[in-house]
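Here the structure is laid out as structure tokens; the discussion comes afterwards.
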Amino acid sequence: MQLVGTVNHVAQESDSSAVGPGASIVPACPHPSRIYLSPPHLSGEELKFVQEAFASNYIAPLGPMVDAFEREFAAYTGIPYCLALASGTAAMHLALRELGVGPGDEVVAASLTFIGSVSPATFLGASVVFLDSDRSTWTMDTDLLAEEWFTCICAGCRIESRT
């Protein structure tokens with residue numbers, strides 16, 4: 001593994017400039033240094049759906065709710081098929097596998113992440129190159145990505161898009 005860039009910038013509750021346009025910082029909590037991966041959002045219909053799942057006796061891993069989700073997601077995105085998986089990690093693993101990622105490949109990832117987003121690359125035998133995050137967007141720094149690609153090209157590496 002390799003780290004390209006500088007140490008990540010972690011915004012404090014009072015540093016709203018680091019969040020980016022249109023975003024807001026998670027409300028103050030007992031642990032002000034904690035950054036939530038995914039703040040909860042409930043629409044109000046969750047209890048109804050949980051009750052329907054229990055009533056149908058399909059609570060895991062498949063059933064009519066999952067089938068309906070896959071159909072509706074495929075229709076919403078305009079793609080012919082959709083496959084619901086248990087986690088984002090499983091989805092990344094399947095996507096990288098389908099792209100043919102394996103030993104000898106390098107997968108570039110933002111350094112502001114968690115293990116589940118990069119472990120699928122290592123499961124498949126690839127190496128992970130971490131690029132630092134942009135201070136204003138918290139996403140991968142595209143200037144650093146361009147520098148990394150230039151460095152790789154100068155070193156004789158082949159850059160390949162497998163989409």
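The values are calculated or read from the model by the stated rules, or taken from the named source; none is laboratory data. Every value quoted in this text rests on a predicted model; they were computed, and no experiment measured them. Heads up, the Cβs are rebuilt from the backbone with ideal geometry, glycines too, and the neighbour counts pull from every protein chain shown.
Can you pull out the residues in the stretch 118-144 that are surrounded by fewer than 17 Cβ atoms within 10 Å (Cβ to Cβ) and under 24 Å from A95 (Cα atoms)? Within the stretch 118-144, S119, T122, F123, G125, S127, T139, T142 qualify. For the stretch 52-80, filtered to residues that are charged (D, E, K, R) and closer than 19 Å to A90 by Cα, the residue that is surrounded by the most Cβ atoms within 10 Å (Cβ to Cβ) is E70. Checked against the criterion of being part of a loop (DSSP other than H, G, I, E, B), out of contact with any Phe, Trp or Tyr (no Cβ under 7 Å at 6 or more places or on another chain) and within 20 Å of S38 (Cβ to Cβ), the candidates T89, T113 yield just one match: T113. Only one of the listed residues (Y36, Y58, Y81) is over 30 Å from W138 (Cβ atoms), modelled with pLDDT under 85 and out of contact with any strand residue (DSSP E or B) (no Cβ under 6 Å at 6 or more places or on another chain). That residue is Y58. Is it the case that A95 is of a type in the set (G, A, S) and assigned to a loop (DSSP other than H, G, I, E, B)? When the stated conditions are applied, A95 does not pass them. Of the numbered criteria (1) at pLDDT below 90; (2) surrounded by 15 or more Cβ atoms within 10 Å (Cβ to Cβ), the one A155 fails is (2). Could you grab me the full set of residues in the stretch 135-151 that are more than 18 Å from S117 (Cα to Cα) and touching a strand residue (DSSP E or B) at 6+ places or on another chain (Cβ under 8 Å)? Those that are more than 18 Å from S117 (Cα to Cα) and touching a strand residue (DSSP E or B) at 6+ places or on another chain (Cβ under 8 Å): L144, E147, E148. Return yes or no: is W149 under 15 Å from the mean Cα position of the chain (by Cα), surrounded by 10 or more Cβ atoms within 10 Å (Cβ to Cβ) and not charged (D, E, K, R)? No, not satisfied. Among the residues of the stretch 96-117, those identified as surrounded by 14 or more Cβ atoms within 10 Å (Cβ to Cβ) and either touching a His at 6+ places or on another chain (Cβ under 6 Å) or not hydroxyl-bearing (S, T, Y) (or both) are L96, L99, V101, D105, E106, V107, V108, A109, A110, L112, G116.
Taken across the stretch 118-137, residues that are in a loop (DSSP other than H, G, I, E, B), modelled with pLDDT under 90, farther than 24 Å from A86 by Cα and out of contact with any Pro (no Cβ under 9 Å at 6 or more places or on another chain) do occur, with at least one present. Put simply, of A146, A95 the only residue that is within 24 Å of V66 (Cβ to Cβ) and either touching a Ser or Thr at 6+ places or on another chain (Cβ under 8 Å) or aliphatic (A, V, I, L, M) (or both) is A95.
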